[in-house]
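Written out below as structure tokens is the structure these notes cover.
The values are calculated or read from the model by the stated rules, or taken from the named source; none is laboratory data. Keep in mind that this is a model prediction, so the values were computed, not measured. Cβ atoms come from the backbone with ideal geometry, glycine included; neighbour counts cover every protein chain shown.
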Amino acid sequence: MNKIASAAKQDKASPDTSNVTFIPGAVPPGRKKRRSRLWLWLPVVLAVAGTGYYAWSQYKASTSTAAVITQAVVRGDIENAVTAVGTLDSIKSVDAGAQVSGQLKVLHVDIGDKVTQNELIGEIDPATIQNKIEIDQAELANLQAQLVSKKAQLVLKQANIDRQRNLVATRSVSQSVLDQAIADLAAAEADVNALEAQIRKQKATLAGDEVDLGYTKIYAPMAGTIAAVPVKEGQTLNASQTAPTIATIADLSTMTVKAQVSEADVSKLKIGMDAYFTLLGQPGKRYTGKLRQIQPTPDIENNVVLYYALFDVPNPDGDLMISMSAQVFFVESAAKDVLIVPSSAINTVSGSRRAGPNGEPRKAEVTVLNSSGATETRAVEVGIRNRVNAEIRSGLKEGELVVVGTGSDSSATSANRGTNNRSQRTMRMPPMF
């Protein structure tokens, strides 16, 4: 009964499948249809997977491939120099000033004029000094007249003594009268001597005023170019305490370069070493000279100790001017027409960073890219070396490629992109002021 009841329930639950006959090993129609669709999508899935794998492998290969940066060995000039910043000044300059007070009546020069030695450049009103000279001359004449009178009295006193002596000898007068005559003669001589001293003094005063009269005309103490004129015509000059400057005359035929050298580099400088400088307006032109002086007293700016190193350069064309800024180079060593490679390509061997005591070259290694594209390490001898390039005395040939660095293409590309993005952002930034 239970089997019959369960069979009846199954018949009620699936009324539609009661007429379907199942054959062992046969696939139902619905499942067969789904399998046919899967076979259709399988090539598409495989193609997508293959494309993704190829792209991933290429990306991995591109990111893992290292780009070798090389540079050819070239022949050229190299130097090792101490760099400094300096200013130009005239080799010699002098201030032509006024030694007497008065009004500047005439000024004969202007800035930039060339003058010769003892050329008249200015005149001060001489009226006041001329009046003093007239007074001195009148006073001198008065003293000279008094001297004539005193000398006449002196002659009279001398004659009186002679007469009194004769009278005393004949006992016509007493001895006291003779003594008084002798005293009068001594007083007359003293008066003459005093007047003569006053006359000498007056003559000296007159000579001083005449010199001051000559100072009213100002002459150039040296030949050169007028570099500065701090006064104007009609200006009153007071020379009682200091001499007012009328004009500054500078010799611009030779210029002096005053370079500020740090205390870390000043020990590398030697008197007589080669030096040169370039100007902002003429970066490709060199002006050469010899170091002639290192001033012992430094200039301290913001706790930085700087020493002045001086050397001279000729200025025949007048291109160099006072206070020009100069980029100065003091040459420690130099070589011409030698093999040069970038300093970044040099790998210094441990214990040979500096040249030997007798000037032996330093031992180093470089990585060379050969003709087959492989890299090899080669020992070289390094001569002069600076921050940019190094001299190769042996171990390399001109035209060979040395490795100066390595880097991945993707990182270089991303770095370039970052640089471009930063530059674009910088260009788009609004002005700050």
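Structure above, values below:
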quantity	calculated
Residue in segment 135-168 that is farthest from Gly208 (Cα to Cα), counting only those that are in contact (Cβ under 8 Å) with a residue 40 or more places away in the chain and under 60 Å from the mean Cα position of the chain (by Cα)	Gln137
Selection within segment 267-281 - more than 14 Å from Ala81 (Cβ to Cβ) and either in a strand (DSSP E or B) or in contact with an Asp or Glu (Cβ under 6 Å, 6 or more places away or on another chain) (or both)	Leu279
Options Ala243, Ala259, Ala264; residue that is in a loop (DSSP other than H, G, I, E, B), in contact with a strand residue (DSSP E or B) (Cβ under 8 Å, 6 or more places away or on another chain) and on the phi < 0 side of the Ramachandran plot	Ala243
Members of segment 282-306 that are of a type in the set (Ser, Thr, Tyr) and either part of a loop (DSSP other than H, G, I, E, B) or exposed (fewer than 12 other Cβ atoms within 10 Å of the Cβ) (or both)	Thr297
Selection count where residues are more than 24 Å from Lys92 (Cβ to Cβ), buried (at least 16 other Cβ atoms within 10 Å of the Cβ) and either within 15 Å of the chain's Cα centre (by Cα) or among the acidic types (Asp, Glu) (or both), scope segment 307-339	2
Verdict on Leu156 being within 30 Å of Asp251 (Cα to Cα) and surrounded by fewer than 17 Cβ atoms within 10 Å (Cβ to Cβ)	no
Some residue of segment 179-187 being surrounded by 19 or more Cβ atoms within 10 Å (Cβ to Cβ) and farther than 30 Å from Gln153 by Cα	no
Residue in segment 397-413 that is modelled with pLDDT under 90, in a strand (DSSP E or B) and under 28 Å from Ser262 (Cα atoms) present	no
Of the criteria (1) at pLDDT below 95; (2) within 30 Å of Ala275 (Cα to Cα), which one Pro126 fails	(2)
